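Trainee: Just passing along the structure, written as structure tokens.
The values are calculated or read from the model by the stated rules, or taken from the named source; none is laboratory data. All values reported here derive from a predicted model rather than from experimental measurement. With ideal geometry, Cβ positions are generated from the backbone for all residues, glycine too; neighbour counts draw on all protein chains shown. Calculation scope for accessible area: heavy atoms of the full protein, side chains included, ligands and nucleic acids excluded. Shrake-Rupley method; radii C 1.70, N 1.55, O 1.52, S 1.80 Å.
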Amino acid sequence: MWALGRAELTLLGRNRGVVFTALAVPLLLPVSVRPAMDQLDLKKQGLTIGTTLLTAAIGFSFLFAVYTSLVNTYVARREELVLKRLRTGELSDTEILTGTALPALVIGLAQALVVCAGCAALLHIGAPKAPYLILPGLVAGYLVSAALAALTASFTRTVESGQVTAMPLMFLSMVGSGITIPTEVMPDKLATVCDLLPLSPAIRLVRGGWTGQLSTGEALGALATALAWIFLAVFAVQRRFRWEPRR
């Protein structure tokens, strides 16, 4: 599995477009949405521009460093019959999918650490007030993103069409999961619905880790929702993932 991960990392490094999307986009997009954040009453909810930009950057890392890049990777390997050949070896299905996802997951986690350190230093947001919530939030976000990428790849015909099939979850998460617009500033009923989206629990945990405003009950609820999404996504992948080319 580790050998498969190293091979995927080598292939990833040869695709400059994917590397740029995975590394640069999550860092650039939060800057582009800052003017919209300036229009929100963040102080009323105990938020700052710094914490909002930090969670936005991590949210974009979920979507671009892991989700969209893995959709393309899974589809490309399936259509090239790589996944089918790997199934004839010693690796189990879970190990094949996990090994393929390892480079994206490692890049995403490393990117999150860099973003946290950079925002703490440059935006003066200080140390996290509940750091024990950040790691579960990151792990949950990246696991959900990877599992949903495999599920999206199951009904994606080509690498090119992967840019289209990934869009619904991307836009829904950007708008509703608190990435560009914190759920704390949304109307209560809308926020309650948005908190049930796949990436919302991870974003809540990461933001709550920095602000310290997440109660024990809210943190447990977010963890339970994240675990439910991970379980559902993995179950769906086990039932629906396609190992044969879609021709």
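Trainee: Where the only charges are on Cβ atoms (+1 Lys, Arg; -1 Asp, Glu), what is the dipole of the range 61-176 about its Cα centre, to the nearest 20 debye?
Mentor: 60 debye
Trainee: What percentage of the solvent-accessible surface of the chain, computed with a 1.4 Å probe over protein heavy atoms, is contributed by carbon and sulfur atoms? Walk me through the numbers before you get to the answer.
Mentor: Values: 8120 of 12290 Å².
Answer for the chain: carbon and sulfur cover 66 percent of the accessible area.
Trainee: If you line up the long axis of helix 2-14 against the longest principal axis of the chain, both from Cα atoms, how many degrees apart are they, to the nearest 10?
Mentor: Approximately 80 degrees, to the nearest ten.
Trainee: Further, regarding this structure: Can you find, among Ala146, Leu97, Ala56, the residue sitting farthest towards the positive end of the charge dipole of the chain, where Lys and Arg contribute +1 and Asp and Glu -1 at Cβ?
Mentor: Leu97
Trainee: Suppose a student asked you for the relative contact order of the chain, using Cα pairs under 8 Å spaced at least 6 residues apart; what percent would you report? Let's see the in-between values first.
Mentor: Values: 318 pairs, mean separation 68.3, N = 247.
Relative CO of the chain lands at 28 percent.
Trainee: Place a point 7 Å from the Cα of Ala127 along the Cα-to-Cβ direction; which residues of the range 206-240 have their backbone N under 15 Å from it?
Mentor: From the range 206-240, the list is 210-212.
Trainee: Calculate how steeply helix 49-60 sits against the longest principal axis of the alpha-carbon atoms of the chain, using the helix alpha-carbon long axis, and give the answer as 0 to 90 degrees to the nearest 10.
Mentor: It works out to around 10 degrees.
Trainee: If you count, for each residue, the other Cβ atoms within 10 Å and average over each peptide, how do 85-96, 65-76, 220-231 line up from highest to lowest?
Mentor: My ranking of the peptides, most packed first, is 65-76, 220-231, 85-96.
Trainee: Here is a follow-up. Would you compute, from DSSP H runs of 4+ residues alone, the mean residue ellipticity of the chain at 222 nm, taking -39500 (n - 2.57) per run and dividing by the full residue count, rounded to the nearest 500? If you can, show how the numbers build up before the last one.
Mentor: Details: 14 runs with 174 residues, N = 247.
Per the formula, -22000 deg cm²/dmol.
Trainee: Continuing with this model, one more query. So, for the chain, what is the accessible surface per residue at a probe of 1.4 Å, expressed in square angstrom? Numbers along the way, then the final one.
Mentor: On the way: 12290 Å² over 247 residues.
Result: 50 Å² per residue.
Trainee: For the pair Leu135 and Arg242, how long in nm is the line joining their label points, each one 7 Å along Cα→Cβ?
Mentor: The modelled label-to-label distance comes out at 4.0 nm.
Trainee: Take the eigenvalues of the Cα gyration tensor for the range 86-143, scale each by 5, and report the square roots as semi-axes in whole Å, largest first.
Mentor: Working through the eigenvalues yields semi-axes of 34, 12, 5 Å.
Trainee: Work out how much length Phe235 to Val175 would gain on full extension: take 0.36 nm times their residue separation and subtract the Cα-Cα distance, in nm to one decimal.
Mentor: 19.0 nm
Trainee: Let me ask something else about it. Which whole-percent values make up P(r) of the range 96-208 when all C-alpha to C-alpha distances are grouped in 10 Å steps starting at zero?
Mentor: Values per bin, smallest distances first: 12, 37, 36, 13, 1.
Trainee: By how many nm would the segment from Ala228 to Thr88 grow when fully extended, if each residue of separation counts as 0.36 nm and the alpha-carbon distance is taken off?
Mentor: Working: separation 140, 0.36 × 140 = 50.40 nm, distance 3.16 nm.
The Ala228-Thr88 span can extend by a further 47.2 nm.
Trainee: OK, next. Using only Cα atoms and rounding to the nearest 10 degrees, what angle (0 to 90) does helix 69-79 make with the longest principal axis of the chain?
Mentor: 10 degrees
Trainee: May I have the count of lysine pairs in the chain with C-alpha atoms under 23 Å apart, counting pairs 8 or more residues apart or located on different chains?
Mentor: Numbers: Lys43/Lys129; Lys43/Lys189; Lys44/Lys129; Lys44/Lys189.
Pairs that pass both the separation and distance tests number 4.
Trainee: Just how far, in whole angstrom, is the range 112-161 from the range 214-247 if you go by their alpha carbon centroids?
Mentor: 15 Å
Trainee: Once you charge only the Cβ atoms, +1 for Lys and Arg and -1 for Asp and Glu, what is the size of the charge dipole of the chain about its Cα centre, to the nearest 20 debye? Numbers along the way, then the final one.
Mentor: Details: 21 positive and 14 negative charges, 101 e Å.
That gives a dipole near 480 debye.
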